[in-house]
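A.B. asks: My questions all concern the structure below.
The values are calculated or read from the model by the stated rules, or taken from the named source; none is laboratory data. Fair warning: this is a prediction, and the values are worked out from it, not measured in the lab. Cβ placement follows ideal geometry from the backbone for every residue including glycine, while neighbour counts extend to all protein chains displayed. Surface areas here come from the heavy atoms of the whole protein model, side chains and all, with no ligands, DNA or RNA. Shrake-Rupley method; radii C 1.70, N 1.55, O 1.52, S 1.80 Å.
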Amino acid sequence: MNRSNDDPRNDGEGVRVLFVGPCAEEADRVRELLEASRTMAFFVTHAEHLSEGLAREPESDVLMLRVEDADAPRLAALTQARLTAPLLPIVVFSDLDDETTALRSLQSGARGFVLASELTTRNLVTTLGAALESHRMILQLNSAREKARHLATHDQLTGLANRALFHDRLSQTLASATRSRQRLAVLFVDLDGFKTINDTLGHAVGDGLLRSISRRISACLRETDTAARLGGDEFGILLTDLTNELDAATVARKLLAELAEPIHFRSQFTAIRCSIGIATFPRDTQSADELLKKADTAMYHAKEGGGSRFEFYTEDMNAALQRRLALEERLRTALDDRDFVIHYQPQFDLTRGRIIGAEALLRWQHPELGLVSPAHFLPIAEESGLIVEIGDWILRTACEQNAAWNREGFRALRISVNVSSQQFLEPDFADIVRRALDQSGLPPVSLELEITESSLLRDVNVTVDTLRTLKDLGVRLAIDDFGTGYSALAYLKRLPIDVLKIDQSFVRTVTTDPADATIVESIVQLASGLNLTTIAEGVETLEQLLLLGSFGCKRMQGYLFGKPVPADVFRGWLDDPPFRWMPTQEEEEKPEDSELPPRA
Ligand code: C2E
Ligand code: MG
Ligand code: MG
């Protein structure tokens, strides 16, 4: 193999011919004729046996095999040679001048046939050349086929199996598992919040993360398991030969831990969480489609339960899924059917002793289902993307309603509208707000947007940009459910917001749990230090009012001041409030509201 540098065969132009046959003179004759060629350089090596020849000249390009007359009918030597050197094109050399032997040689895999009695340079060169050429084409074809097969069965981005291959493997494995009574599990893995990463950090980052994740998934599995990318941020895993269904739980736990390790990408760290659903064979089903579907259903439940967890499929899940699908179906037509209404809940100011605004809260009045709670249908609306259209409607309707109350003289009245995180991340969200204001004629200061702490935490840069644009419109910005997320103080300072809404979970226990009382008091102090207004949510009792008031929180919302009610009821409350409170005179005029005189 080790050729010296001055070996002429190094130039790569020559053809290395291995002549295998008992007679060295025949090889010499062939060499002599080939060396006379003016078109190509040939180097002929002779060996009595193929194995010896291959050992001596392992990089041969073509094999000339002497077929003896006695061997001709069975061509055993040819078959043997093909097995020994499957990648080498073979030209049969024989002195049997009959068509049958020549044809049979070609049918048995030889790429050429040379008759000893017709040895000429031209004959040898053309036969060997044709053999090499056809061999090269076949190799090319095979590699092209292999490439095409890989493309059709693998995911381009991650190199994992694709959905089609996964399904094939699953079906095959199920067939043999049924015979051998093996246990199998299918894991459906879906990344939590991946859409947000893609939307906010860009597709290049998203793609890089998907590749890292695929590598991590593969690293958690055994050789015999199959991992596939089923689409977007969904992965499928087939675990074979389980001794116990709980083995699948072990793998799922490992995956959760492995994926939760921060990924370093483009000089930032991102932690990925995922939800995993597990369906097993033979317990859950015998069919490949069903197994995948049930794993998907279980994944869905893991996600509903807060994500970053795994769940095994159970029959109850199916019923819950059916109910959910039916709800989503109805939600699609709810806007057109005018099933949505907005209820208004008063926001009260202790220093003025009156209602200063209202929070608009969506209600779904379904003809058969009755009143459906937003907690029930909002997550479905978010996931199906319907929330964007619905949110647009809420914004327009609430602005028009408040503009109407403004025209009646309640010019200081402010309307608070909840913004879902998906809506907030829409690139044209600010335009939608601007349009709602323009069309209704409502002054921007009379609109407050409530954005939850969790949606603000998704990506700081995008959040700050969007908030700035909204702020430039002149609307007020509030952080809803404050205290439930993990906003750092430094982070709050960067956001151009006006109001913190203290989450009701703290208010509910403020008079009974000293820890919550401390938290609320700190939030109020913090807000006042940052020049923000606080409003307490879910105030139900006079004790809560008094304690919160003593902390310096003067704005409140809750059943004590009035439940969310239809627009006409709320209008009545503006003249005749259900809750009365003596204003503290000295604090009556706050600069923040001076541009909005009360009722003329
Ligand atoms: P939220 O924005 O924090 O709204 C306050 C929720 O607390 C409302 O529930 C309200 O009815 C309830 N609430 C008010 N005062 C009290 C009280 O004193 N005690 C108790 N126990 N509850 C009180 P609701 O209307 O069921 O809304 C739940 C959540 O759904 C809202 O929480 C908000 O995040 C979301 N939501 C409601 N309407 C909309 C909407 O139009 N758009 C969006 N994106 N989300 C909405
Ligand atoms: Mg709210
Ligand atoms: Mg809230």
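A.B. asks: Just one of (1) within 25 Å of Leu457 (Cα to Cα); (2) among the hydroxyl-bearing types (Ser, Thr, Tyr); (3) at pLDDT 85 or above trips up Ser267, so point out which.
C.D. replies: (3)
A.B. asks: Continuing with this model, one more query. Which ones in the stretch 391-429 are under 21 Å from Val341 (Cβ atoms) and within 15 Å of ligand 2 (Cβ to nearest atom)?
C.D. replies: Hits for the stretch 391-429 are Gly391, Ile394, Leu395, Ala398, Arg414, Ile415, Ser416, Val417, Asn418, Val419, Ser420, Gln423.
A.B. asks: Across the stretch 240-251, what is the total count of residues that are out of contact with any Asp or Glu (no Cβ under 9 Å at 6 or more places or on another chain) and at pLDDT 90 or above?
C.D. replies: The qualifying residues number 3.
A.B. asks: Cβ-Cβ under 9 Å, sequence separation 6+ or interchain: first residue in the stretch 171-198 and on the phi > 0 side of the Ramachandran plot, partner surrounded by fewer than 18 Cβ atoms within 10 Å (Cβ to Cβ). Which pairs?
C.D. replies: Arg181/Pro282; Gly193/Arg273; Gly193/Gly307; Gly193/Arg458
Every residue, every condition in (1) under 16 Å from Asp465 (Cα atoms); (2) surrounded by 18 or more Cβ atoms within 10 Å (Cβ to Cβ); (3) in contact with a helix residue (DSSP H, G or I) (Cβ under 6 Å, 6 or more places away or on another chain), yes or no:
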{"residue": "Glu389", "(1), (2), (3)": "no, no, no"}
{"residue": "Leu395", "(1), (2), (3)": "no, yes, yes"}
{"residue": "Asn406", "(1), (2), (3)": "no, yes, no"}
{"residue": "Ile415", "(1), (2), (3)": "no, yes, yes"}
{"residue": "Asn418", "(1), (2), (3)": "no, yes, no"}
{"residue": "Asp431", "(1), (2), (3)": "yes, no, no"}
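A.B. asks: With (1) open to solvent by less than 20 Å² (accessible area, probe 1.4 Å); (2) touching a residue at least 60 places away in the same chain (Cβ under 8 Å); (3) within 36 Å of the chain's Cα centre (by Cα) as the list, and Gln347 as the residue in question, which single condition is left unmet?
C.D. replies: With respect to (1) open to solvent by less than 20 Å² (accessible area, probe 1.4 Å); (2) touching a residue at least 60 places away in the same chain (Cβ under 8 Å); (3) within 36 Å of the chain's Cα centre (by Cα), Gln347 is out only on (3).
A.B. asks: Considering only residues that are among the polar types (S, T, N, Q) and open to solvent by 60 Å² or more (accessible area, probe 1.4 Å), which ones fall in the stretch 121-138?
C.D. replies: Passing the criteria: only Thr126.
A.B. asks: Okay, next question. Which residues, counting only those in the stretch 451-463, are surrounded by fewer than 19 Cβ atoms within 10 Å (Cβ to Cβ) and not in a helix (DSSP H, G or I)?
C.D. replies: Selection gives Leu457, Arg458, Asp459.
A.B. asks: Now a separate question. Only one of (1) open to solvent by 30 Å² or more (accessible area, probe 1.4 Å); (2) in contact with a strand residue (DSSP E or B) (Cβ under 7 Å, 6 or more places away or on another chain) is not met by Met64, so which one is it?
C.D. replies: That leaves (1) as the condition not met.
A.B. asks: What pairs come out if I take residues in the stretch 95-118 that are touching a residue at least 60 places away in the same chain (Cβ under 8 Å) and pair them with residues that are open to solvent by less than 90 Å² (accessible area, probe 1.4 Å) whose C-beta lies under 6 Å away, six or more apart or interchain?
C.D. replies: Close Cβ pairs satisfying both conditions: Ala116/Asp95.
A.B. asks: Return the residue satisfying two criteria in turn: it lies in the stretch 448-469 and is of a type in the set (A, V, I, L, M) and within 16 Å of ligand 1 (Cβ to nearest atom), and of such residues it is modelled with the lowest pLDDT.
C.D. replies: So, considering only residues that are of a type in the set (A, V, I, L, M) and within 16 Å of ligand 1 (Cβ to nearest atom), the one modelled with the lowest pLDDT is Leu457.
A.B. asks: Related question: Please find, within the stretch 92-120, the residue that is least open to solvent (accessible area, probe 1.4 Å) out of those that are among the hydrophobic types (A, V, I, L, M, F, W, C) and under 55 Å from the mean Cα position of the chain (by Cα).
C.D. replies: The extreme case among them is Ala110.
A.B. asks: Does Ser505 count as in a helix (DSSP H, G or I), open to solvent by 30 Å² or more (accessible area, probe 1.4 Å), within 15 Å of ligand 3 (Cβ to nearest atom) and under 25 Å from Thr270 (Cβ atoms)?
C.D. replies: no
A.B. asks: If you go through the stretch 140-185 one residue at a time, how many are among the acidic types (Asp, Glu), within 23 Å of Lys293 (Cα to Cα) and not in a loop (DSSP other than H, G, I, E, B)?
C.D. replies: 1
A.B. asks: While we're here: Any idea which residue in the stretch 542-584 is farthest from ligand 2 (Cβ to nearest atom), counting only those that are more than 18 Å from Ser416 (Cβ to Cβ), of a type in the set (Gly, Ala, Ser) and assigned to a helix (DSSP H, G or I)?
C.D. replies: Filtering the stretch 542-584 for residues that are more than 18 Å from Ser416 (Cβ to Cβ), of a type in the set (Gly, Ala, Ser) and assigned to a helix (DSSP H, G or I), the one farthest from ligand 2 (Cβ to nearest atom) comes out as Ser550.
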